[in-house]
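These notes concern the structure reproduced below.
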Amino acid sequence: MKSPAPSRSRSSPASSRYSYFLAKAARACGTVAAIVLLAFALSHASGDPAQVFLGGEATPEAVHAFREKWGLDKPLAVQLARYVVLLSQGDLGKSLYTSRKVTEVIAERIPATLSLMIPVAFLAISLGILIGTAAAIRNGRLSDKAILLGSTLGFSLPNFFLGIVLIFTFSVGLALLPSSGNMYARSFIMPIMTLVLADVAVFTRFARASMIDILGKYYILSFRSLGVKEWRILLFQALPNASIALLTISGFYIGSLVGGAIVTETIFAWPGVGSLLISAIRSRDFPLVQGLILLFGLSIVAANLAVDFLYGVIDPRVRKGVSS
Amino acid sequence: MRMPEGLALRSPETEVSRGADGERALALSVRGLRVSFPARGGAINAVRGISFDLREGEILGIVGESGSGKSVSCKAIMNLLPREAAVEGSAVYGDGTDLIRCGPREIRRYRGREISMIFQDPMSCLNPIKTIYSHIREIYLRDGERIGLRSRAAGQLEQLHIPEAAKRLDAYPFQFSGGMAQRVQIAMALAGNPRILIADEPTTALDVTVQASILEEIRSLRDSRGLAVILVTHDLGVVADICDSVAVMYHGSIVESGPTADVLERPLHPYTRALVSSVPVIGEGSVAFEAIEGDCMPARREVGGCDFAERCRRAEADCAAGKPRLHSSGDRRYACFHPLDPESYRRAAAPAGDRPAGISGDELVSASALSCVFESRDEAAKRTALRAVDSVSFAIAAGEAFGVIGESGSGKSTLAKCMMGLLEPSSGTVLYRGRPLFGDAWDFGDYARKVQYIFQDPLGALDPLMSVLEQVMEPLAIRGLRSRAEMAGRAELMLGRCGIDPSLFARRPYGLSGGQQQRVVIARALMCEPEFLICDEPVSAMDVSVQAQILTLLQDIAAEAGMTLMFISHNMGVVKNLCGRSAVMFAGRIVEIGETGSIFRNPRHPYTRKLISSIPVIGSRKEREARGEGPRDAAMSAGHAGPGCAYEPRCPLAVRECRERRPELSAVGEGHEVACPLA
């Protein structure tokens, strides 16, 4: 299929670039609004918060007082309006238990999660691309098959299993590494290993698949037929194209990192956002759960918005609004 | 103008050294080249021992149908085949090096510097996310050059007639037309001053006027720098037009080779003759085109005797007994036990002269002032209106075969979609038997039973999960037939009529060849007993031999059933042989309409003339001056917004009036109308 006749006018591409980015930003705003609504709806759909929090034996008076205190006696629309207004002021309400601000509670936990997740993301993506590319070049050969097998194993092993195996080996058995907390630099080794091993497997597979796809394209053959060095073809022609496909999953991946390590954080008693979510759910602390849902949703939207922007940077067709 | 350094010319005196006998030096000598690929159930022999010589300044055509091994041979010479391919024989470059035996490091020194290759679809040969400049720069960097690259790149593109080259360096491939992208590919291939250019179907994906200009480019490169060219193509017209010598490949072997005019006009091998006969011609008068029976033999099949024997009309008992050796006679070679008498060959005249033309029956379908406007966005994301079809009017009589000719972007497929009732026109009406389409009383389901369509890609039109027989039964089930036995019986009958062997009935579409798939599509369309059959490029993706089979089938069936045909194609030869009347479209408008014979004999619109003169024809090399649109053609596209004639920017006759007023169709002969005041 030939592409529709592109127009030949050479007016400034700047305006279209902005219009592409603006359109993406507008869509992200819409998604955020939907997440806010969903977060609100979810916490109300899981039953009457008063009953849930106070338990079945609570007196009607206690329930009534609880409702009044948290504004739950008002009509739903009013509650939503209040929620949105407070939200716009950065107020996510207070934790039902500690009465501390939800924003504060969450903010406390974010550094621990990020200090774990930033190295994990960096390692998983860069190692994945490296190993995946190596496999793609050796497509079909023994080393490629070995890498494929390894990556299948890597993401088939559940995190909790791998984490426990590591704890048994290095903490219980060899007594080399601390099994919980984030007190020491050594504490980072096992959680990072647990997470990277699984994630690198995913990226290896994706990088391999998209590199194989790109290496089969005619422009690669063309550069090869012109005697361009293989490493230059790989680095400057194939990789930028393959990264378009990799960007898509990187967006989801990075976005989900903030709340992603729920299991691993729990195993290693890591004081991050993931383990906070587990305890908030256990204690039915619905403003806190609501706040965390919002955080997870927003980080995914933000990561995907960043990815959309990067598409535009890498791919001129996207930037210039041409369907490819 | 400063001489761009990029294309420093090789002086013919020094570079095209001549041998003792006055022959030009060998650029490449291929001997006993064999390529096989490992596969389940034994290796597939794609190339079965071919040998040829290529001299400096020579253009050698390699022709053959798909799967004949021509592209694989070229890749083998370039050492570009994947590791698993087993390559035997030798391809010795002019300096004595066997390219096939080169290691990866060594072959890289030859690629692009001594021998370059360009590929079929120029768009897919350019990295979509890199600028044109970064492509050419990569070639300079290969040669270790670092300074003044931009201006050199611009000079290089200018040499290949890309207008405003300096400005276009920062453009991306998708902003280039196919013809310009091919020029970029050629510029990259020639940046290292190679002696040999291998061009693998370089113009197959391009419109015929652009093809003419690219071929002209290749010819002038040969003339100016003594470039040796291997031109791989399936188009015998292209071979006739540009090649000095030709090798015909079938089933991995060269079956005939020699000087172009000899081989094409006085073939010795029956396959060559069959190929030549299956090309629909557009010359004066009409000659019949004959289909070669059967499909091209798949590469994985092995037979004991002559590979072509099964399809050969002259085959005798000994043909199946052993493989014919390549015989030499003078500068010609052929592999056949019973070669043709070279002087005997004359193409038969068409049985009844021109196709019956004109409105014999009542009007079946008509379009009046039909327009289709799409909103598109330009680079600045501004909305612009693209008039894909621009007030088009015509009528088709019952029983007639009506052709629509146009290049890509001319609006012919959009027009077809309107006629099919799939796309509602922006304005104007389509009347079918006097009743308007898209009106309140119009019933699409009812219309769809009377009107059937055949598209270019048969595989895309068939359900991949249904067997051949089921697909063809489907229309009957939709029409409410209950009895499976009756449906199957009728479907089998129709498949048989369309030339599908009963042994194929249970297969799925991908188990069939392209020609067989299209036959199934035709059989399915005919199950509805349509009154009107719209064919949109039904044979464009097929080899000439299969193309001829499908055209013959369509022709016969339409005549038998008294069906009305609307036949859309960019291939003028096909239209000429099939259609009594036709219309030529340019930029959404009909620029010429009338009896096909009269349009071809006496084309009046400058665009029609250009189209006809751009088609390379076997048997006569046209005058070069008249050919080739010139490079500016590529810069023009459909949807020309000005008030004047859309063809004006390309028109050699254009006067001021043409820019100001859009010409309307007016009669120049009986039933022959042209939209040009200068015609």
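The values are calculated or read from the model by the stated rules, or taken from the named source; none is laboratory data. Bear in mind the structure is a predicted one, so any value in this text is a computation, not a measurement. Cβ: placed from backbone, ideal geometry, glycine included. Neighbour counts: every protein chain shown. The area values use the complete protein model at the heavy-atom level, side chains included, leaving out ligands, DNA and RNA. Shrake-Rupley method; radii C 1.70, N 1.55, O 1.52, S 1.80 Å.
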What Kirkwood radius, in Å to one decimal, follows from the Cα pairs of the protein assembly as shown?
33.1 Å
Round to the nearest 0.05 the FRET efficiency obtained for residue A:21 and residue B:86 when R0 = 56 Å and r is the Cβ-Cβ distance.
0.60
Full extension between residue A:34 and residue A:80 adds, at 0.36 nm per residue less the Cα distance, a length in nm of 15.3 nm
Return the value, in Å² to the nearest 100, of accessible area buried between chains B and A (probe 1.4 Å, both sides summed).
3700 Å²
If R0 is 30 Å, what FRET efficiency do you get for residue B:438 and residue B:362 from their C-beta distance, rounded to 0.05?
0.85
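Can you tell me the dipole magnitude for chain B around its Cα centre, using point charges on the Cβ only (Lys, Arg +1; Asp, Glu -1), in Debye to the nearest 20?
Computed charge dipole of chain B: roughly 1500 debye.
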Label-point gap, in nm, between residue A:230 and residue A:278 - each point 7 angstrom along Cα→Cβ
4.7 nm
Ranked by GNM mean-square fluctuation in chain A (Cα springs under 10 Å), the top entry among A:272, A:312, A:140 is A:140
Quick check: the distance between the Cα centres of region B:495-557 and region B:23-80, to the nearest angstrom?
32 Å
Of all beta bridges DSSP finds with both residues in chain B, what is the antiparallel percent, to the nearest 5?
60 percent
Select from region B:87-116 all residues whose loss of accessible area on going from the chain by itself to the full protein assembly reaches 30 Å² or more (probe 1.4 Å).
B:108, B:111
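Would you mind calculating the gained length between residue B:318 and residue B:426 on full extension (0.36 nm times residue separation, minus the Cα-Cα distance), in nm to one decimal?
Gain on stretching residue B:318 to residue B:426: 32.4 nm.
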What distance in nm lies between label points placed 7 Å from Cα along the C-beta direction at residue B:508 and residue B:37?
2.0 nm
For the charge dipole of region A:263-324, defined by +1 on Lys and Arg C-beta atoms and -1 on Asp and Glu C-beta atoms about the Cα centroid, which residue among A:307, A:272, A:294 has the Cα displaced farthest towards the positive pole?
A:307
Could you pull out every one of the aspartates and glutamates with an alpha carbon less than 14 Å from that of residue A:74, ignoring same-chain neighbours closer than 8 positions?
A:48
For the residue pair residue A:146 and residue B:327, what label-to-label distance in nm results when each label sits 7 Å from Cα along the Cα-to-beta-carbon direction?
5.8 nm
Need one value for B:121-128: mean number of C-beta atoms belonging to other chains within 10 Å of its residues' C-beta atoms.
6
On the accessible surface of region B:418-561, probed at 1.4 Å with all protein chains in place, carbon and sulfur together account for a percent value of 52 percent
How about region B:546-604: which trypsin sites (Lys or Arg not before Pro) there are in a DSSP loop, with at most 15 other Cβ atoms within 10 Å of their Cβ?
none
Given a 1.4 Å probe and every protein chain left where it sits, what share in percent of the accessible area of chain A is carbon and sulfur?
70 percent
Using the crude model of +1 on Lys and Arg Cβ and -1 on Asp and Glu Cβ, and no other charge, please compute the dipole size for chain A relative to its Cα centre, in debye to 20.
1620 debye
Taking A:223, B:438 and ranking on accessible area (1.4 Å, protein atoms only), highest first, one gets B:438, A:223
Distance violations [Cα-Cα > 18 Å] among A:145/B:75; A:217/B:167; A:320/B:130; B:75/B:130; A:69/A:94
A:145/B:75; A:217/B:167; B:75/B:130
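Based on a Kirkwood Rh over C-alpha pairs, give the Stokes-Einstein translational diffusion coefficient of region B:416-572 at 4 °C and viscosity 1.567 mPa s in µm²/s.
In µm²/s, the coefficient is 79.
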Other chains' Cβ within 10 Å of B:135-144 residues: what's the mean?
3
Heavy-atom accessible area per residue of the protein assembly as shown, all protein chains kept, 1.4 Å probe, expressed in Å², is 44 Å²
Charge dipole magnitude, Cβ of K and R +1, D and E -1 - the protein assembly as shown, Cα centre, debye nearest 20:
2600 debye
Any residues in region A:206-221 that have 20 Å² or more less accessible area with all protein chains than in their chain alone, probe 1.4 Å, and which are they?
A:218, A:219, A:221
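Given a cut-off of under 8 Å on Cα pairs at least six residues apart, what relative contact order in percent is computed for chain B? Intermediate results must be reported in sequence, preceding the final value.
Working: 1393 pairs, mean separation 93.1, N = 679.
Result for chain B is 14 percent.
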So, R0 is 56 Å and r is the distance between the beta-carbons of residue B:664 and residue B:265; what FRET efficiency does that work out to, to 0.05?
0.80
Prolate/oblate/rounded call for region B:374-474, Cα gyration tensor, a/c under 1.5 rounded:
oblate
